[in-house]
Each structure stands twice: as C-alpha cells, then as structure tokens.
Amino acid sequence: MRSTGCASLLHRPKFFFYALIFSVFLFLGTAAADSAAFDLIGPKIDVRVQRAGVTLPIAEVPNLQVGDRLWIHPDLPDSQSVRYLMVVVFLRGITNPPPDSWFTRVETWTRPIHDEGIYVIVPEEAQEALVFLAPDTGGAFSTLRTAVRGKPGAFVRAAQDLEQASLDRARLEEYLDAVREISANDPEQLKADSTMLARSLNIRLDQQCFDKPTSQQAPCLVQNTDQLVLDDAHSQTMVSALTSGTPSDLLAQISSTPTARGGYYSPYVGAVVDVVRILGTTHTAQFQYIPALALPKQDELNLRLNNPPSFRNPKSVIVIGLPPVRPFPVPPLRAVDPTEVFCVGRPSFVLPADGAPLVFATELAHNFVLRVETKSGRAINLPVKPDAVHGGFLVETKPLPSADLNDDITGVLRGDWGFQPFEGPHYRLRVARSGQWIVASKDASALIVGREDTLHVESADACCVSEVSLRSENGKRLKAAWKTSKSDELEVKVPLEDAEAGSVTMLIHKFGVHEPDEIPLHTYAEAARLDSFGIHEADADGVLKGTRLDEVKTLLLNGIAFDPGALTRANQQDELRFVMHDAASVTKLHAGDALLVRITLKDGRTLDLKAQVEAPRPKVAIMTKSIELDQSAPPPMVRLGSADELPQDGRLNFFLKAQVPETFPSTEKIEVATADESFRVLLSFADGNLTLQDSKTVFAVLDPMKLLGPSAFGPLKFRPVSADGLDGDWQPLVNLVRIPTLKGYRCVTSPEKQCTLTGDKLFLLDSVSADPDFANSVTVPEGFVADGLTIPVPKAKTLYIKLRDDPATVDVAVVPSLSSDP
C-alpha cells in the first residue's frame, strides 16, 4: 500500500502527497504525525516581486516567471540567538539538478541582509523555487546544495505540494476566522452567512450543526477541520487530479480511491510514511527537513510549522515554497445566475459569484472593478471587493451617474491576477426610472376588504424596488410586505383586514428615483356568494364553492349539521370543505336527493342554496398483498425489514374487494401514484394488470420499474377510478424502495478500525450501522456519487441499513468480506 522510494511515489496520484501536506500534517494526530496541526508560528520572510517595472507584494503573486526580480528579506528579531543561513534555490525538473549558480547563500545575521534583504533573479528554465532556513554550521550551504542536486525530484515535488497546501490552508483560515467573527457579532445570521461562506470558499458545511442550540453551532462548524476543505479545480492545476477527470466535491468522493481503501480521508497514515521517506532520503546526520506552510499577507510570508525546529543534530531545515515558475490560469469566476438583474441605483449590492475560492481566500486576485459604459461610450469603473460571507462581490454605486446610463446595461467584472489583468463574468444591470406598473389580469378584482389579498404587479424595474406602501382615500399610509417573484414582477401582500371599500393607491419606491410610482387600485366589500355545494352519496364531506367564503360560519344540509374545514382559493374562486358533524348521518343521503343548503354567515345573515346528492364515488378495500422477487436472480444481500417495503425490481400482487358499487365494473381502473403524484399509472383489464377472480374480487399486479420508472420511490397509494372519471379516496399501498448494489466490504488495520463498503448507487442509502440500534452509524451525505463508503467494522458480515426511500425502517444486509481482516 505504501511506496518504497521517491521513484514509486512519483507514479502515485499527487493528491496523496497533498493530502499529507495539507490534511495529515495539518490536523490528524496519528502516530506518524504526532504534532501535525501546523499551528506553530514560524519566522517571517518579506518578499516582493518586480516584473516589467511593476512591484507587487508576494501575497498578490500567483506565479513567477523568468526574469522576475525577487526581493527577499528574512524578518528575524534583533535578539535572534541562532544564526540562520537562508538559501534560495531554483529547480528545473526531477531529472535535471540545478546548477550551482541557482543557489543563493544569504547570511541573515549580517547587517546589510538584516536591514535591506537581498535581490535574486529567476533564471532561464527554472520551474520551482524554494527557500531553506538552516542553522549555520559552517558547511550548511554545501550540504543543502548537495542534497538538492542529489535528489531534485523530492524537492520539486515538495515545492509543488507546499504551494498547493498553502493555498488550501488559506481557504480554511478564511472560513474559520469568518465563522468565529459571525458567531461573536451576529449569531442569528450564522446559518445564512456560513452557508454562503462555504459556497464561496468551497468548504464542507455540516448542516446538522444548525440543529444544535445557537451557542453550540459555531464550535460545531469549525470542528473536524481535516474534513472541511473540498477540492478546488482552480488551485489544483499545480497538482495532478486523482482521476482522469476533474475531481468533484471531496465530501462526495469520500471513498473513491482503491489505494486508500477508505476514501480521501483514509490515506493519512500511509501518506505520512510516504513523506517521511521522501524527506528521509535527504536527511543527513546534520540536517532533517520540516515543511512550512506559507500564509502571505502583503509582503509577509507568515510561516506555520507542524513540528518545532531542532537546533541539535540532526538540526531542522525549514522548507518554504514560493510560487511556481510557470503560468497559473486566471480564476474561473462565474455568475451564480447569469439571468439575474441587479439595480445600480442601490447604494451597494452584491454580485453573486463562485467557481474560484482563491479569489475570496487570498490576495492573489486584486484591484477589482465593475466596468460599465455610459450612453456616450465612456467607461466607468465602480469599486468592487470580494465578500465571501455574502457569496460574491460587493459593489459601491455612489459615484455612478445614473442619468448618463441606458436603462439596461451590462457590467463586466475586471481585476488583476498577479501582474495579469483578467475579465470575469458579465452581469445584467438596471437603472430605475419613473414608469408605469401593470397589474396582473388575474388580480384585477382580487382586493377584498376584511382580509389580506395578494396582488402581482409587473415592471422591468422590479429589481430596484426599496419599499411598497398603500395610501387610502383619507391619506392614511400602511406598509405592505412584498417580494420579487420574477425578475420583472412583484408579489405584494395587501393588508385590508381593517380597510373600507373604495379607492386606494399603491406607492412603489425605487432606488435612485426620488418620487414613488403610483398605482391606483380599488377595493371591494364582497359578501359571500354561493355558487355550488357538491357531495356524493356515502361521503361525509362536501365542498362549497363561491367567493368570500371566509364569512361562512356554519352549514345545514337538509337539517344535517356540517363543520367548516380548510378554506382554499383557486381560479378566482373560494373553496370551503365541510365535514359532517355526525358521521352516522351519511346514511341519510342518497344519489339524486334534492338538497337545501342553508349557510349562516359570521355576521348572522343566512343564505340558501339548492343542490343534489351526486352518485357515490367508487370504493374498494385491499384484502391481501404479497411481494414477488425475480427468482432467476441471485439471492439479495439486503433483507428488507418491513413487509410494506417493495423493492423497485420486485412485483406487487394484491387483491381488492369492490365495495361501491358491489361488483367491480370491467371499465373501472385502479390508479397507483407516489405520494406527491409525480409518478402515476392506471391499472386496467385491457393492459393485463387487473384480473377478476369473481365479480367482486380483482387481482392486481404492479411492476414498479416498468410502470412507474426508475425514479419513482417512497410511499405508494391507490384509488379506484370509474369509467366517467370519478375518483375514489386515496389509500396507502406499499413503500417503494430503491436498493443499491452492495459488493462487499474491506477493512484495513488502523487505529480508527474502519472499513469500506463498496457497491453501486450507494447514494440510495440513508445510513449504515454495525448494530441494529444505530448507536454507531454513518450517514450518507446528499449528492454522494462514490462507489465506496467508510463504515464501522461489521459484526459477522452483517450490516444494518436505512434506505433513503424509507429511513424509518431498519433493513439487514449480509455482505461478503473482500479482505482477510474481520
């Protein structure tokens, strides 16, 4: 499982070495890395880079190029008692040792170096750059030079992965600092802000933390830091991808590498041994090499060490990576929603963007502006700054002269990536003007006094609205709740509970416009209007249709009392369901009976309505049901824990007894649907899904994969449907579950005593446990696409699982072991 030398390691995916540098050395305390948190503050080194007459601090330089002039200044205290020799070296490949001239000896204790630093030039053909800090022993320089020239591949690899690890550590530091600040200043915003922060920085967010009390949420969000940082394809251009394609979410690939046996989080111990061997090949009796993560802030390289330096043999040499000497692509920023429109009249607003976490976590991208053009073609640059907490770029629009702009304009995000200018995403912008609003035709007469109504109004300036209020005829003003339902539409909640019928004016205030837009409206005092009352024989409930049914208090049907239920509104009409107060009275109603419906309103008035009992709705009762599996297939590994669970590739056989009518008509069908009715099918005699046993009993067959498709899941329900389309009541049938294909499990010897369950479509699992009470379970995250899952050690090859389609039921899986371990 572990490589035995540098050559074999170079054929390994680079992610393992990166996982070592960043995740193992950073967080996991194992026997191979006992002090691996990179929480020791090392010395500071000031670095600036000059190119073509322009000088930038090291924090703003993603890469070096040939001819760059580097100013390097070791910022050691005057009281430094140990003389540190600094060696700056450039590398040019794993098989091509650098010449002697590429090594620069710097005696940090001398006054010129202490006060002014040193300048070095990036030579032709250089690819990587490293800085060594070693206690001066008299022969340290020649020893370091011999080590680098003797094994250049080890140091080339270290340079690449130290740079990668530093970039990802910067993302983690930004996330941790921001979460702590939000928790201290505004804990109520922690969920919203940390969710946006995680998206900006590509950080794993544990949603279960928000189920905890407020005081415990922040500590929960910053725990298990070795599992927080997800892959960033942009920064990983310096490190080969683990697979042939671009790595996706690290959390979603927690168990995707066969070498790791347990996913990206498991190769820590092996990776530690690997790096020890790499650096061990360069050890001498005098020196040992310890990596340092560089977290730049302006000129300063702030170093973080995972082990304290030793000043006794073997003395510690601190290895520091500088930016690579090769092109580094500009950040692949993208707009979260390219169709969204933003109002430039706002004093400030955020342009949502993602795809480039380094923009939010480092200073590599800088000098951001949003460029817009005036009517005359003159460009205006608005100041912009990245804001990870709000998920984009904060734009300040105060200097923007809106009068000189078109109504619809395009803003282009621009900035500098190191020394290179680059262009980011384009955004649609809107300049608000005074204008007309259109009231949706469906809401033209929707404003009824005495209740809150919803009004939809349309305008291209909807994104610029700052406030909506109402002004009555007597001048009284009242604020209204509103939201932007579409890019050009507002949904306004009009509070008319205490209003009087008559004229009212809606005032819409917009950013950048002094006077509000006015929309004249009319409110109506609508009394309840009764359109119809429908009830079927043998039903204990019916539906009253009309308008202003919120005024209805009670209903008498031929002297039978009904109680009001839920009021709904559809197609400009109210619908109020009534339930029979005494269900025994249902026998008094027969199809065709004339009805007198007497309605009592809340104000005491009564209204009468004539109706008729409609034909009874079809009704059946389920007698028996059984599940049939494919007998030609091998026995399943998963034993379902409930007789009501139907596997997707199984077949359900069930008998139904006709109740209304007493015999089962040949034209009647059985409808089966999922709980939300997004998948449904009609079983019929014509299709061969129904077979009469006798005139009252029917045998039904449901093949869910064939009839409902592979995406149907969850509780299924059924109801009879008559030839004229009359539906019976829904009744529960079974729970349709999709089952992943489990291949087996493999365990490795490690302190964590974890195993890996392999199979296909593991995302269909909700959780896995080695015990039936799920005391030690593993929850499968949403979006999980890997073919391996880290699990507790099974007992007697038995696992207890909960399926995502039925998480309330515990199923049993007997899986084979793929390794010699238990």
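Annotations
- FRET E, pair K761, T195, Förster distance 41 Å, beta-carbon r, rounded to 0.05: 0.90
- Label point of R605 set 7 angstrom out along Cα-Cβ; within the stretch 521-561, amide nitrogens under 13 Å from it belong to 525-530, 547-553.
- 3J(HN,Hα) along the stretch 464-481: 9, 5, 10, 6, 10, 9, 10, 10, 7, 5, 8, x, 6, 10, 8, 6, 10, 6 Hz, from the Karplus curve 6.51 cos²θ - 1.76 cosθ + 1.60 with θ = phi - 60°, whole Hz, x for Gly and Pro.
- A straight Cα-to-Cα reach below 24 Å connects K315 with the lysines K44, K151, residues fewer than 8 places away in its own chain not being considered.
- For the stretch 346-496: lysine pairs under 20 Å (alpha-carbon distance), excluding those fewer than 8 apart on one chain: 8
- Length gained when the stretch K483-A440 is fully extended (0.36 nm per residue, less Cα-Cα span): 14.0 nm
- Solvent-accessible surface of protein heavy atoms, probed at 1.4 angstrom with all chains present, puts H509, H456 in the order H509, H456, largest first.
- Packing-based ranking, highest mean first, of 768-780, 558-570 given that Cβ atoms within 10 Å are counted: 768-780, 558-570
- Against the chain, whose longest principal axis is taken from its Cα atoms, helix 190-201 shows a tilt of about 50°.
- Rule-of-thumb Rg ratio for the stretch 629-691 [Cα; 2.2 N^0.38 Å; N residues]: 1.43
- Nearest-0.05 FRET efficiency for R204 and S142, computed from C-beta distance (R0 45 Å): 0.45
- Additional length obtainable on full extension of the chain from F311 to D408, 0.36 nm per residue less Cα span: 28.3 nm
- The count of lysine pairs in the stretch 670-822 with alpha-carbon distances below 27 Å, taking only pairs 8 or more places apart or on different chains, stands at 19.
- For K398 and E458, a Förster radius of 30 Å and the Cβ-Cβ distance give a FRET efficiency of 0.55, rounded to the nearest 0.05.
- Under the shape rule built on the C-alpha gyration tensor, where the axes satisfy a ≥ b ≥ c, the stretch 90-136 is prolate, since a/c reaches at least 1.5 and a/b is greater than b/c.
- Cα gyration tensor shape for the chain, rounded if a/c is under 1.5, else prolate or oblate: oblate
- Residues of the stretch 418-439 with amide N under 20 Å of the 7 Å Cα→Cβ point at D337: 425-432
- Shape call, the stretch 166-217: gyration tensor on alpha carbons, a/c limit 1.5: prolate
- Extension gain, K797 to R326: 0.36 nm times the residue separation minus the Cα-Cα distance gives 164.4 nm.
- Nitroxide proxy distance, nm - points 7 Å out along Cα→Cβ at E628 and S678: 3.0
- In percent, rounded to a whole number, the relative contact order of the chain is 9, using alpha-carbon pairs under 8 Å and six or more apart.
- Charge dipole of the stretch 386-435 (Cα centre as origin; +1 on each Lys and Arg Cβ, -1 on each Asp and Glu Cβ, all else neutral): 140 debye, rounded to the nearest 20.
- Calculated [θ] (222 nm, deg cm²/dmol) that DSSP helices of n ≥ 4 give over the chain, each run adding -39,500 (n - 2.57): -3500 deg cm²/dmol
- Model label points for R577 and S376, set 7 angstrom from Cα along the Cα-to-Cβ axis, are 6.6 nm apart.
- Whole-percent carbon and sulfur share, accessible surface of the chain, 1.4 Å: 50
- Annotation for N185 and V814: the two label points, set 7 Å from Cα along the Cα-Cβ direction, are 6.0 nm apart.
- Under the convention that each Lys and Arg Cβ holds +1 and each Asp and Glu Cβ holds -1, the size of the dipole of the stretch 570-703 around its Cα centre is about 500 debye.
The values are calculated or read from the model by the stated rules, or taken from the named source; none is laboratory data. Note that the structure is a prediction, hence the values are computed from the model and not measured. All Cβ positions, even for glycine, are placed from backbone atoms using ideal geometry, and neighbour counts span all protein chains on display. Note: areas computed on protein heavy atoms with side chains; ligands, DNA, RNA excluded. Shrake-Rupley method; radii C 1.70, N 1.55, O 1.52, S 1.80 Å.
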